[in-house]
1. Please pick out the residue among Arg113, Arg104 that is among the basic types (Lys, Arg) and surrounded by fewer than 17 Cβ atoms within 10 Å (Cβ to Cβ).
2. Within the stretch 93-145, how many residues turn out to be farther than 23 Å from Ala263 by Cβ, of a type in the set (A, V, I, L, M) and in contact with a His (Cβ under 9 Å, 6 or more places away or on another chain)?
3. Looking at (1) in a strand (DSSP E or B); (2) of a type outside the set (Asp, Glu); (3) touching a Phe, Trp or Tyr at 6+ places or on another chain (Cβ under 8 Å); (4) not assigned by TED's automatic domain parsing to the domain that holds Tyr179, which one does Ser122 not meet, given that it meets all the others?
4. Within the bounds of the stretch 246-258, is there any residue that is buried (at least 16 other Cβ atoms within 10 Å of the Cβ), in a strand (DSSP E or B) and modelled with pLDDT of 90 or more?
5. Identify the residue in the stretch 287-339 that is part of a strand (DSSP E or B) and of a type in the set (S, T, N, Q) and, among all such residues, is nearest to Arg38 (Cα to Cα).
6. Which residues, counting only those in the stretch 148-184, are closer than 20 Å to Gly267 by Cα and part of a strand (DSSP E or B)?
7. With the requirement that a residue be surrounded by fewer than 19 Cβ atoms within 10 Å (Cβ to Cβ) and either among the polar types (S, T, N, Q) or under 14 Å from the mean Cα position of the chain (by Cα) (or both), what does the stretch 309-321 give you?
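The values are calculated or read from the model by the stated rules, or taken from the named source; none is laboratory data. Predicted model, so just to flag it, every value in this text is computed and none were measured. Here the Cβ positions follow ideal geometry from the backbone for every residue, glycine too, while neighbour counts run over all protein chains shown.
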Amino acid sequence: MLPFFDSPPRTQYRRPACQLAFDGGFEGDSLTAVRIARGLGDAVDYVELSLGPSPPAGLLSFGSAEPELGETCTVSLGYADGEMETVFTGWIDRISKSLDGGTRIGLANGGARLARLRVEASYYGETAGGIVTALAGEGGIDTGTVEDGLSLPAYVVDGGRSAWSHCAELATRHGFLLYLDSEDVLHFREPPEEPAEIAFSYGVDLISARASSASPHPVGIRATGEGAAGSQGTNAWNWLVKDPGGVRAEMGEAPFVPIDDGALRSGESCETVATNRLNRATAGADRLRATVPGTAALGPGVLVEILEAPSESLNGVFLIHAVQHRFDVRRGFVSVIDGVRAGASDSLLGGLF
């Protein structure tokens, strides 16, 4: 007997629903599809709305005003028999029209704004969280949970990289999660602890799932900083040391990958960064991609649990690092999640190595 019928099937038919709220005259014409992509680190979230030339029968139909660039929009998804939940807040960033009358609208959020922002600034005696908050303020982005992280005697933000890239780099140093939530609020925090917030069971509400495992490459990290702020007091951050042994930490096994970081001015900060870099280099051996019935609550940084799958590699708690919500009139509403097994991913998702 197939596993799906070991117990009485629990079938429930629900009608997917989508709501768009614009602040201008445009209300959306003949919505046929919505695709939403959100992720951790320096990934930039986006939404694509597909609109038909005329309202087909039975579809969502709104006003006829033309969309305008810069118009803010909130996208909510859910089901007709329940409450709608906001999954994206942003503004119209791109509009394209075709000969058949169809329109595609691209929405962006604060990640795009910070990715386009170049800042030249120096920070002294500031925490990593304080720097992230300052950069978010430069881009006009609201902040939510922003944890302090390391106190950095001196840190330079240069215009060679975007403000978003600098935030992602700080997240990588600390093993923090960096993302924008559905309300376009920025978060910079440690990964959540178990238990998982949402669970999906094989044969009930798990459409498809694939787990992949890989042997982590053995690697060591040697983080070397500058200055003597750790051994000679915070006012000595600009002193150059003859022997960098006091501002150096090694984690893992040789051969070591050298990480030279001028923002690190103490042995403790070097140890923290070396540990997080090593975790990122060796973690993520167990990855998951799963398709589930549309679930608006799924987002980057959320813990999910897979239950009762026939393979143990598929079961367990996973941290979502990317999610796609897909809503269209042919396939309905589904969510596709990419994640890594919880407990092995703390430093994997902040940004680039």
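1. Working: Arg113 fails: surrounded by fewer than 17 Cβ atoms within 10 Å (Cβ to Cβ).
Of Arg113, Arg104, the one residue that is among the basic types (Lys, Arg) and surrounded by fewer than 17 Cβ atoms within 10 Å (Cβ to Cβ) is Arg104.
2. Selection size over the stretch 93-145: 0.
3. (4)
4. No; the residues of the stretch 246-258 include none that is buried (at least 16 other Cβ atoms within 10 Å of the Cβ), in a strand (DSSP E or B) and modelled with pLDDT of 90 or more.
5. From the stretch 287-339, those part of a strand (DSSP E or B) are 287-293, 303-307, 316-328, 332-339; that's our starting set.
Right, trim to of a type in the set (S, T, N, Q) and you get 291, 324, 335.
On the way: Thr291: 15, Gln324: 7, Ser335: 11 Å.
Ranking the qualifying residues of the stretch 287-339, first place goes to Gln324.
6. Correct list: Ser151, Leu152, Pro153, Ala154, Tyr155, Val156.
7. Hits for the stretch 309-321 are Ser311, Ser313, Asn315.
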